[in-house]
There are 2 protein chains.
Amino acid sequence: MTYTIGEFSRLINLSIHTLRYYEQQELITPQRLKNGRRCYSESDLTWIQFIRRLKDTGMPIKEIQKYAKMRAVGDATLVDRMELLIKHRQILSREIMNLQEHQVNLDNKIDYYKTAITERIEDN
Amino acid sequence: MTYTIGEFSRLINLSIHTLRYYEQQELITPQRLKNGRRCYSESDLTWIQFIRRLKDTGMPIKEIQKYAKMRAVGDATLVDRMELLIKHRQILSREIMNLQEHQVNLDNKIDYYKTAITERIEDN
DNA sequence: ACTTGACCTCGAGTCAGCTCGAGATTGTAT
DNA sequence: ATACAATCTCGAGCTGACTCGAGGTCAAGT
């Protein structure tokens with residue numbers, strides 16, 4: 001099963017413009033039909049979903065590009081790719097811890113507001 | 001105790017340029033000396049640290065600006081400010097859950113690589 | 001034959017969030 | 001007095017990640 005850019009766009013909820021941009025950035029390289037139109041496969045689908053996950057976890061496009069290029073080379077880059085993911089995993093878990101800390105802080109601040117507001121009401 | 005922009009910059013590890021940019025964006029409004037130079041106070045310090053936390057948790061500058069403007073108005077905006085923080089807290093906890101999910105996914109992928117690499121080695 | 005709709009390329013525009021530099025002023029050290 | 005370092009304003013430039021539009025192609029339907 002293959003998809004036109006329009007179908008693919010709807011499927012993964014990324015604009016056609018963005019898909020072409022990602023291709024230009026060498027994140028994804030769909031096949032072309034004889035008439036020059038892009039032709040996305042199932043494996044492009046799983047691949048772009050993975051890309052989105054990397055993006056959502058804050059990996060910059062340049063970094064994803066590196067990964068994509070290694071992937072294109074093949075099995076010889078397995079170790080390098082894994083290392084890149086492990087590095088990213090570390091960044092990610094640090095980020096999560098950070099956010100959790102901020103969350104606690106935010107909760108304290110909110111509590112502080114609650115108290116302040118209650119006291120103001122009692123004053124009136 | 002007050003600080004010049006240079007001292008303050010070193011203290012909080014933000015460039016002088018960035019501090020002036022934040023001021024222009026109305027996030028922070030330091031006093032001025034008669035000669036026109038900025039003069040940051042202790043309370044500016046705690047405030048900017050809070051700003052950084054909001055930024056680190058992904059709040060856009062425009063949103064922080066809203067908060068800063070309400071803060072400048074005073075106690076009348078307590079409830080609104082609290083609501084803004086509560087809204088932000090929700091966004092934040094959704095984001096954390098999301099990242100945790102991605103983390104699991106990433107772990108699976110890494111495991112997959114480990115297996116693939118081991119098998120390749122055994123093949124040789 | 002002709003319109004329509006989905007596609008193509010390429011270059012430019014947008015937005016957030018800085019980052020930089022020119023040119024002027026001011027305060028301290030020699 | 002003079003040099004120097006830190007500050008000031010203002011406007012321009014930069015990076016990342018899209019986003020848009022003009023002008024052209026191509027295949028299917030009427």
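The values are calculated or read from the model by the stated rules, or taken from the named source; none is laboratory data. These figures come from a predicted structure and were not determined experimentally. Backbone-built Cβ (ideal geometry, glycine too); neighbour counts: all protein chains shown. Side chains are part of the model used for accessible areas, which takes the heavy atoms of the whole protein and leaves out ligands, DNA and RNA. Shrake-Rupley method; radii C 1.70, N 1.55, O 1.52, S 1.80 Å.
Residues checked against (1) among the aromatic types (Phe, Trp, Tyr); (2) away from DNA strand C (no atom under 12 Å from the Cβ); (3) open to solvent by 40 Å² or more (accessible area, probe 1.4 Å):
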{"site": "B:9", "(1), (2), (3)": "no, no, no"}
{"site": "B:20", "(1), (2), (3)": "no, no, yes"}
{"site": "B:43", "(1), (2), (3)": "no, yes, yes"}
{"site": "B:47", "(1), (2), (3)": "yes, yes, no"}
{"site": "B:52", "(1), (2), (3)": "no, no, yes"}
{"site": "B:58", "(1), (2), (3)": "no, no, yes"}
{"site": "B:65", "(1), (2), (3)": "no, no, no"}
{"site": "B:74", "(1), (2), (3)": "no, yes, no"}
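Which pairs turn up if I take residues in segment A:19-35 that are closer than 16 Å to residue A:49 by Cβ and look for partners that are among the polar types (S, T, N, Q) and open to solvent by less than 100 Å² (accessible area, probe 1.4 Å) with beta carbon separation below 7 Å, at least 6 apart in sequence or on another chain?
Here the result reads A:19/A:9; A:27/A:65, each pair linking segment A:19-35 to a residue that is among the polar types (S, T, N, Q) and open to solvent by less than 100 Å² (accessible area, probe 1.4 Å).
Would you confirm, using the coordinates I've provided, whether residue A:49 is in the same structural domain as residue A:6 (by TED's automatic domain parsing) and assigned to a helix (DSSP H, G or I)?
Against the criterion (in the same structural domain as residue A:6 (by TED's automatic domain parsing) and assigned to a helix (DSSP H, G or I)), residue A:49 qualifies.
Could you say whether any residue in segment A:46-53 is over 18 Å from residue B:108 (Cα atoms), within 19 Å of the chain's Cα centre (by Cα) and in contact (Cβ under 8 Å) with a residue 24 or more places away in the chain?
no
Give me the residue from segment A:22-36 that is within 11 Å of DNA strand C (Cβ to nearest atom) and over 20 Å from residue A:69 (Cβ atoms) and, out of that set, nearest to the other protein chains (Cβ to nearest Cβ). Working first, answer last.
As a first pass, look at segment A:22-36 and keep what is within 11 Å of DNA strand C (Cβ to nearest atom): A:23-24, A:30-33, A:35-36.
Still in the list and also over 20 Å from residue A:69 (Cβ atoms): A:33, A:35-36.
Numbers: A:33: 31, A:35: 36, A:36: 33 Å.
Out of the qualifying residues, it is A:33.
So, in segment B:22-35, of the ones that are open to solvent by less than 100 Å² (accessible area, probe 1.4 Å) and not in a loop (DSSP other than H, G, I, E, B), which residue ends up nearest to residue B:63 (Cα to Cα)? Break it down into steps so the answer makes sense when it comes.
So the first thing to find is which residues in segment B:22-35 are open to solvent by less than 100 Å² (accessible area, probe 1.4 Å), and the list is B:22-23, B:25-28, B:30, B:33.
Within this subset, residues satisfying the condition of being not in a loop (DSSP other than H, G, I, E, B) are B:22-23.
Numbers: B:22: 13, B:23: 15 Å.
Only one residue tops the list, namely B:22.
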